[in-house]
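Asks: To start, I am sharing the structure in question, which I have written as structure tokens.
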Amino acid sequence: MRRLNPESGLLLVSVAVFAVLLLKHISYPVLWQDEAETAVFGERVLEYGYPKVHGPRNVLYEFGSNIAVGVKESQDAYIGTTWGHFYFAVPGLIWAHQVDDRYAKTARLRIPFALAGGLGVACWALALLPAFRGRPRRAALFAALYFLLAASSVSLLLHLREVRYYPLLVLLFGALASVELRYRVFGALRRGSRAWLSALLLVAVFHTFFAAWFIWAGVLSIDAWLASAGTARRGRTFLAEMAPVLLSGLLIAPALVFFETLSIVNAFRADLGLSVAGYLANLSFVGSHFLRHEWLAPAVASRLAVAYTAEVLRARGIRDVAVTERAISLRLAVFAGLYVAVTCANPLVYERYFVPLVPVVNGVFLLDAFALVAMLRRFEARHRRRFGTAVALALGFVIVATSGPRVQDLRGRFFEITHRYRGPLDFAIEHIAESAVHPEDLVIATNYANHPLMYYLGSHVIVGTNLNNILAERRLEPDWVIVRRRWPRGQAELRAFLARGEYEQEVLAVRDTYFNNVPALTRSASTPEVHRFATPALAPGERDRGLVLHRRIPRAGAPAGAANGRSESDAMADSESRG
């Protein structure tokens, strides 16, 4: 066999590092609330063919306080989001049915999403590699560094492991970028092929996260307008360039009507509202996150250095080089700016909305860095040393000055892949499962994280965050009451259950945190707690901070769960909960 060159060897190592940091301990902890929502709706897809809201006992709805907004009443279908990730979860659910261990189930659910996210990073790398056509060793070095940058983004790694839509968006965005760059920049795709490929990918984007379709439609519309400038028949050219947007718009039109997308968006915005100050706060949140945890500062610095160096070369009459790398980098930077500008108009901004931009920022940084090296080589030797040293020192200073949070993130991630993290739900689910012969017969009341209890225990879980079925559920007598003290909503209902029956209190040796764990690294009003890399175990003397479970003491002669059998009153309660 021919020996690997150093660049190819580095590529293999960087891919391996990325894979280990992505997949190691993927079974820990158990699914948190949002992930479990995907799982339980996936189970409804297996049972009914679509994500049905009302089942035999459990109601699946956490979109907001008004259940009428996110439910298609004629089919009792959940329309708070589109359904792509629910259907994508189905093969993993079928795979998970083959094992009993809850951590094996968790791994089998997460692995398909993580692989999709990893493939998305590879798609982004492949989308950019034609910039180095004819230079295979430089292309291999670029790909290797690209995977190392991805491996250094702990936020990206954590979000790609989620049983949610984020890894799917990274994959679809990477595929779309590959198609568009091959058509628009590299000339490797015909107009017709590009139109259908991009249109189909845009349809997939809509069914994964509908807001992203509107962003891509806007970006491609601007692209089409610029591409048609100066042509003989600008109107006809513009329409031809707009083909992916127009085709995908026709294809998703029935779904827009079915999901009541515009009505839901209007209701959501009317309920929450967004002021100018709120919009600026959203921009500040995104900028702060990318400056601290991603490579935004080095990307901006390299962009400025490239622009300045290009002007110096032009002033000295030296032929421009690295035009392709600079052109692609500029397109990526414009896309990232438009994406942020539009997405920050959402009243609630979460870190996860911007995860698809991490590969974009990394691409801008690397493309400009490679372009800068190529441009410096155009200087005479004595000027190259002086100018190159100044640029290298400036970029190095920016990288070192902003590396502190990223280093801390990586330290936490290395700890996490060498120690098994377990959150409050891991302890609660294990304790309840060991205490009951048939957990599926239990009624559990809690004011947060009801979906994981439904998925892992199969229990009838009531109250929840939004109290969307509370009139029917007040008639029940829970076997377990779990008051999540960090979440005020619903606590009054739980305490009413405790006052009505006899319960014994059990304190587990884990802190009652906001979440079992979340992938977010930046705290905000909508995310009051960030990712934990170590199990939130109780320290000596911290019993009062532990997770408290209340177990019902059965009355003499009445086995646990007997008060909650499928009686005529339960059937009536189910009927009332449906409307």
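The values are calculated or read from the model by the stated rules, or taken from the named source; none is laboratory data. Computed from a predicted structure; not experimentally measured. Please note: Cβ atoms are built from the backbone with ideal geometry, for glycine as well, and neighbour counts cover all protein chains shown.
Asks: Mind listing whichever residues of region 368-395 are of a type in the set (Val, Ile, Thr) and either without any contact (Cβ under 8 Å) to a residue 60 or more places away in the chain or in contact with a strand residue (DSSP E or B) (Cβ under 6 Å, 6 or more places away or on another chain) (or both)?
Replies: Hits for region 368-395 are VAL373, THR389.
Asks: Still on this structure: In region 471-493, what count of residues is obtained for those that are under 18 Å from GLY546 (Cα atoms) and surrounded by fewer than 20 Cβ atoms within 10 Å (Cβ to Cβ)?
Replies: 5
Asks: Tell me the residue from LEU12, LEU46 that is out of contact with any Lys or Arg (no Cβ under 6 Å at 6 or more places or on another chain), surrounded by fewer than 20 Cβ atoms within 10 Å (Cβ to Cβ), closer than 23 Å to VAL71 by Cβ and not hydroxyl-bearing (Ser, Thr, Tyr), please. It would help to see each step written out before you state the result.
Replies: Details: LEU12 fails: closer than 23 Å to VAL71 by Cβ.
None of the other options fit; the residue is LEU46.
Asks: Still on this model: Just to verify a result, which residue in region 301-322, among those that are without any contact (Cβ under 8 Å) to a residue 24 or more places away in the chain and in a helix (DSSP H, G or I), is nearest to the chain's Cα centre (by Cα)?
Replies: Going through the qualifying residues, I end up with LEU304.
Asks: Out of curiosity, is VAL163 in contact with a Leu (Cβ under 9 Å, 6 or more places away or on another chain), part of a helix (DSSP H, G or I) and surrounded by 22 or more Cβ atoms within 10 Å (Cβ to Cβ)?
Replies: Judged against the criteria, VAL163 is not a match.
Asks: Among the helices (runs of 4 or more DSSP H) lying completely within region 396-496, list those that include at least 3 residues that are touching a residue at least 40 places away in the same chain (Cβ under 8 Å) and over 28 Å from the mean Cα position of the chain (by Cα). Quick ask: steps written out before the conclusion?
Replies: Values: elements: 404-416, 424-435, 450-457, 470-473.
Counting at least 3 such residues, we get 424-435, 470-473.
Asks: Within region 497-515, restricting attention to residues that are part of a loop (DSSP other than H, G, I, E, B) and more than 24 Å from HIS438 (Cβ to Cβ), which residue is nearest to the chain's Cα centre (by Cα)?
Replies: Residue satisfying both the conditions and the ranking: PHE515.
Asks: I've got another one for you. Checking the structure you have, find out if any residue of region 271-292 is of a type in the set (Lys, Arg), surrounded by fewer than 14 Cβ atoms within 10 Å (Cβ to Cβ), part of a helix (DSSP H, G or I) and in contact with a Pro (Cβ under 8 Å, 6 or more places away or on another chain).
Replies: Looking through region 271-292, none of the residues is of a type in the set (Lys, Arg), surrounded by fewer than 14 Cβ atoms within 10 Å (Cβ to Cβ), part of a helix (DSSP H, G or I) and in contact with a Pro (Cβ under 8 Å, 6 or more places away or on another chain).
Asks: Still on this structure, please answer the following. Quick one: which of ALA144, ALA151 is surrounded by fewer than 23 Cβ atoms within 10 Å (Cβ to Cβ), among the small types (Gly, Ala, Ser) and over 18 Å from LEU357 (Cα atoms)? Show your work before the answer.
Replies: On the way: ALA151 fails: over 18 Å from LEU357 (Cα atoms).
Going through ALA144, ALA151 in turn, just one is surrounded by fewer than 23 Cβ atoms within 10 Å (Cβ to Cβ), among the small types (Gly, Ala, Ser) and over 18 Å from LEU357 (Cα atoms): ALA144.
Asks: Which residue out of ALA114, ALA150 is more than 20 Å from ASN517 (Cβ to Cβ) and part of a helix (DSSP H, G or I)?
Replies: Within the list ALA114, ALA150, the selection yields ALA150.
Asks: Within region 343-368, track down each residue that is under 13 Å from ALA281 (Cα atoms), surrounded by fewer than 22 Cβ atoms within 10 Å (Cβ to Cβ) and within 13 Å of the chain's Cα centre (by Cα).
Replies: TYR350
Asks: Would you call ALA436 surrounded by 14 or more Cβ atoms within 10 Å (Cβ to Cβ) and modelled with pLDDT under 95?
Replies: Values: surrounded by 14 or more Cβ atoms within 10 Å (Cβ to Cβ): yes; modelled with pLDDT under 95: yes.
Here the answer is yes, as ALA436 does meet what is asked.
Asks: For region 75-96, check the following and say yes or no: at least one residue is farther than 28 Å from LEU200 by Cα, outside any helix (DSSP H, G or I) and not acidic (Asp, Glu).
Replies: no
Asks: Let me ask something else about it. Taking VAL170 as meeting all but one of (1) buried (at least 23 other Cβ atoms within 10 Å of the Cβ); (2) part of a helix (DSSP H, G or I); (3) out of contact with any Pro (no Cβ under 6 Å at 6 or more places or on another chain), write down the number of the exception.
Replies: (3)
Asks: State all residues of region 252-270 that are in a helix (DSSP H, G or I) and under 11 Å from HIS207 (Cα atoms); if no residue qualifies, say none.
Replies: ILE252, ALA255, LEU256
Asks: Looking at VAL265, VAL257 in this structure, which one is under 22 Å from the mean Cα position of the chain (by Cα), surrounded by fewer than 17 Cβ atoms within 10 Å (Cβ to Cβ) and within 26 Å of PHE63 (Cβ to Cβ)?
Replies: Every option except VAL265 fails the conditions.
Asks: So ARG137 clears everything in (1) farther than 30 Å from HIS460 by Cβ; (2) surrounded by 16 or more Cβ atoms within 10 Å (Cβ to Cβ); (3) touching a residue at least 24 places away in the same chain (Cβ under 8 Å) except one condition, right? Which one?
Replies: (2)
Asks: Related question: Residue under question is GLY9, and the condition is that it be more than 22 Å from LEU115 (Cβ to Cβ) and either among the charged types (D, E, K, R) or part of a loop (DSSP other than H, G, I, E, B) (or both); does it hold?
Replies: Taking the combined requirement at face value, the residue does not satisfy it.
Asks: SER248 is checked against (1) under 26 Å from the mean Cα position of the chain (by Cα); (2) surrounded by 18 or more Cβ atoms within 10 Å (Cβ to Cβ); (3) over 30 Å from ARG110 (Cβ atoms) and fails just one. What number does that condition carry?
Replies: Of the numbered conditions (1) under 26 Å from the mean Cα position of the chain (by Cα); (2) surrounded by 18 or more Cβ atoms within 10 Å (Cβ to Cβ); (3) over 30 Å from ARG110 (Cβ atoms), the odd one out for SER248 is (3).
Asks: Okay, moving on. Out of region 528-552, which residues are in contact (Cβ under 8 Å) with a residue 60 or more places away in the chain, farther than 17 Å from GLY423 by Cα and out of contact with any Ser or Thr (no Cβ under 8 Å at 6 or more places or on another chain)? Outline the logic, then answer.
Replies: Let us first name the residues in region 528-552 that are in contact (Cβ under 8 Å) with a residue 60 or more places away in the chain, namely 531-536, 547-552.
Now drop any that are not farther than 17 Å from GLY423 by Cα, which leaves 550-552.
Across region 528-552, the qualifying residues are HIS550, ARG552.
Asks: Go through region 458-468 and give me each residue that's of a type in the set (A, V, I, L, M) and surrounded by fewer than 22 Cβ atoms within 10 Å (Cβ to Cβ).
Replies: LEU467
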